[in-house]
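Asker: My questions all concern the structure below.
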Amino acid sequence: MVRTAFIVFACCLVVSCAKHSHPAQIANATPTTITPVALSAAEAKTAFDSSAGLTTALERRWPLVAVRTYCIPERRHNPAYQNLVAESPVWKGVLYSGQSTGFDKITWYANTKMGRVKTYSLEVYRGNDFWSLEIGDENTLQRPPDYSPDPTKGRFIGHK
């Protein structure tokens with residue numbers, strides 16, 4: 001009898017815990033491995049020729065699991081650190097458009113020169129939270145991104 005009661009209690013506890021898990025906790029769970037993507041020089045050059053090309057390259061470079069890994073409260077952008085200053089003409093884009101990402105938006109904007117991207121900024125927004133994933137140029141795309149940088153660095157707000 002005691003054994004049966006214990007089994008019933010354990011089952012109820014498991015079900016109850018599963019019901020109370022917050023979806024954001026599940027979405028922000030750190031994956032075991034993510035392979036960072038670096039583009040070849042030719043791919044990076046092509047990506048900088050159009051807005052659609054840069055969007056595709058950034059989605060490949062920053063899979064959603066990597067964005068979720070990066071976007072923890074401790075790595076929110078420190079407003080004391082300068083973001084990319086927009087200089088006309090500016091191109092803009094949205095990553096994962098029409099998909100449920102768990103964020104309000106994942107966007108980029110870029111300064112251009114002679115019809116090509118010169119520098120870009122990739123950003124994530126959720127509520128009042130803001131993350132600057134990277135500011136880069138054509139060479140940046142040729143190096144693997146850091147999906148889990150040290151959150152104690154000054155460019156991050158830290159845990160508050």
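Asker: Pop the C-beta distance of VAL90 and THR33 into the FRET formula with R0 = 35 Å and round what comes out to the nearest 0.05. Walk me through the numbers before you get to the answer.
Answerer: Details: r = 36 Å, r/R0 = 1.02.
Efficiency for this residue pair is about 0.45.
Asker: Could you line up VAL124, VAL67 from fewest to most neighbouring Cβ atoms inside 10 Å? List each step's numbers first, then the result.
Answerer: Values: VAL124 24, VAL67 21.
With the sparsest Cβ surroundings first, the list reads VAL67, VAL124.
Asker: Sticking with this structure for a sec: Given axes a ≥ b ≥ c from the Cα gyration tensor, I'd like to know whether region 46-106 is rounded (a/c under 1.5), prolate (a/b larger than b/c) or oblate. Don't skip to the end; give the middle numbers.
Answerer: On the way: a/c = 2.01, a/b = 1.13, b/c = 1.78.
In terms of gyration-tensor shape, oblate.
Asker: From the phi angles alone, apply the Karplus equation (6.51, -1.76, 1.60; θ = phi - 60°) to region 71-84 and give each ³J(HN,Hα) in whole Hz, x where the residue is Gly or Pro.
Answerer: Residue by residue, region 71-84 yields 7, 10, x, 5, 9, 4, 5, 7, x, 6, 9, 5, 8, 4 Hz.
Asker: Return the long-range amide H neighbours of PHE130 (sequence gap of 5 or more, or a different chain), with a cut-off of under 5 Å between placed amide H atoms.
Answerer: Residues meeting the criterion, in which the H sits 1.01 Å from N, are HIS77.
Asker: Something else about it: How big is region 31-160 along each principal axis, measuring the range of its Cα positions in Å and listing the largest first?
Answerer: Computed over the Cα atoms, the extents are 43, 32, 29 Å.
Asker: Through the Karplus equation 6.51 cos²θ - 1.76 cosθ + 1.60, θ set to phi - 60°, convert the phi angles of region 129-141 into ³J(HN,Hα) values in whole Hz; use x for Gly and Pro.
Answerer: After applying 6.51 cos²θ - 1.76 cosθ + 1.60, I find 8, 9, 10, 9, 5, 5, 10, x, 9, 4, 5, 4, 5 Hz.
Asker: I want to check the label-to-label distance for TYR125 and LYS105. Put each point 7 Å from Cα in the C-beta direction and report it in nm to one decimal.
Answerer: In this crude spin-label approximation the distance works out to 0.4 nm.
Asker: Please list, or write none, the aspartates and glutamates whose alpha carbon is within less than 13 Å of the alpha carbon of LYS118, excluding same-chain residues fewer than 8 places away.
Answerer: ASP49, GLU87, ASP137, GLU138
Asker: Also, quick follow-up: How much length is gained if the chain between ALA52 and SER97 is pulled fully straight, taking 0.36 nm per residue apart and subtracting their Cα-Cα distance, in nm to one decimal?
Answerer: Values: separation 45, 0.36 × 45 = 16.20 nm, distance 1.19 nm.
Extending this stretch completely gives an extra 15.0 nm.
Coordinate-derived values only; no laboratory data. None of the values given here were measured: they were computed from a predicted structure. Cβ: placed from backbone, ideal geometry, glycine included. Neighbour counts: every protein chain shown.
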